[in-house]
Amino acid sequence: MAMRENMLIFLAIWIILTALLSPSLGIFLTVSLIGILIVLEIGEFYLSKETKEILKMSSYFLLLIFAFIVAQKVYEVIKG
């Protein structure tokens, strides 16, 4: 089995386990972002250009959501 398939299987298992074990949507999205960033970093030389572009776009989207989650938590702390 090629390294590319191993990386994508790891990411799929990571996201499935995260979905099953996460108590909230925010935690699920944050841990999914971590998994995508791990795969991008480790699989930089093994993944195809198209796969890396898709994962990068997914990570940018999840980073934007993560920023909103952090802003919401900061607001809750400041508010009260």
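With (1) surrounded by 13 or more Cβ atoms within 10 Å (Cβ to Cβ); (2) without any contact (Cβ under 8 Å) to a residue 12 or more places away in the chain; (3) small (Gly, Ala, Ser) as the list, and residue 24 as the residue in question, which single condition is left unmet?
So residue 24 meets the others, but not (1).
Can you find a residue that is surrounded by fewer than 14 Cβ atoms within 10 Å (Cβ to Cβ), free of Cβ contacts under 8 Å to residues at least 40 places away in the same chain and in a loop (DSSP other than H, G, I, E, B) anywhere in segment 45-54? Walk me through it before giving the result.
First pass over segment 45-54, keeping only residues surrounded by fewer than 14 Cβ atoms within 10 Å (Cβ to Cβ): 45, 48-50, 53-54.
The next check asks that each one be free of Cβ contacts under 8 Å to residues at least 40 places away in the same chain; those that pass are 45, 49-50, 53-54.
The next check asks that each one be in a loop (DSSP other than H, G, I, E, B); those that pass are 45.
Within segment 45-54 (the criterion being surrounded by fewer than 14 Cβ atoms within 10 Å (Cβ to Cβ), free of Cβ contacts under 8 Å to residues at least 40 places away in the same chain and in a loop (DSSP other than H, G, I, E, B)), the answer is yes, since at least one residue qualifies.
Consider residue 9 carefully, then state whether it is at pLDDT below 95, surrounded by 11 or more Cβ atoms within 10 Å (Cβ to Cβ) and assigned to a helix (DSSP H, G or I).
yes
How many residues does segment 1-18 contain that are touching a helix residue (DSSP H, G or I) at 6+ places or on another chain (Cβ under 6 Å) and either closer than 20 Å to residue 65 by Cα or of a type in the set (D, E, K, R) (or both)?
4
For residue 36, which of the numbered conditions (1) surrounded by fewer than 15 Cβ atoms within 10 Å (Cβ to Cβ); (2) under 23 Å from residue 2 (Cα atoms); (3) touching a residue at least 24 places away in the same chain (Cβ under 8 Å) fails to hold?
Looking at each condition in turn, residue 36 falls short on (1).
Does residue 16 qualify as being surrounded by 10 or more Cβ atoms within 10 Å (Cβ to Cβ), modelled with pLDDT of 95 or more and part of a helix (DSSP H, G or I)? Working first, answer last.
Values: surrounded by 10 or more Cβ atoms within 10 Å (Cβ to Cβ): yes; modelled with pLDDT of 95 or more: yes; part of a helix (DSSP H, G or I): yes.
It is true that residue 16 is surrounded by 10 or more Cβ atoms within 10 Å (Cβ to Cβ), modelled with pLDDT of 95 or more and part of a helix (DSSP H, G or I).
The values are calculated or read from the model by the stated rules, or taken from the named source; none is laboratory data. Computed from a predicted structure; not experimentally measured. Glycine gets a Cβ as well: all are built from the backbone with ideal geometry, and neighbour counts include every protein chain shown.
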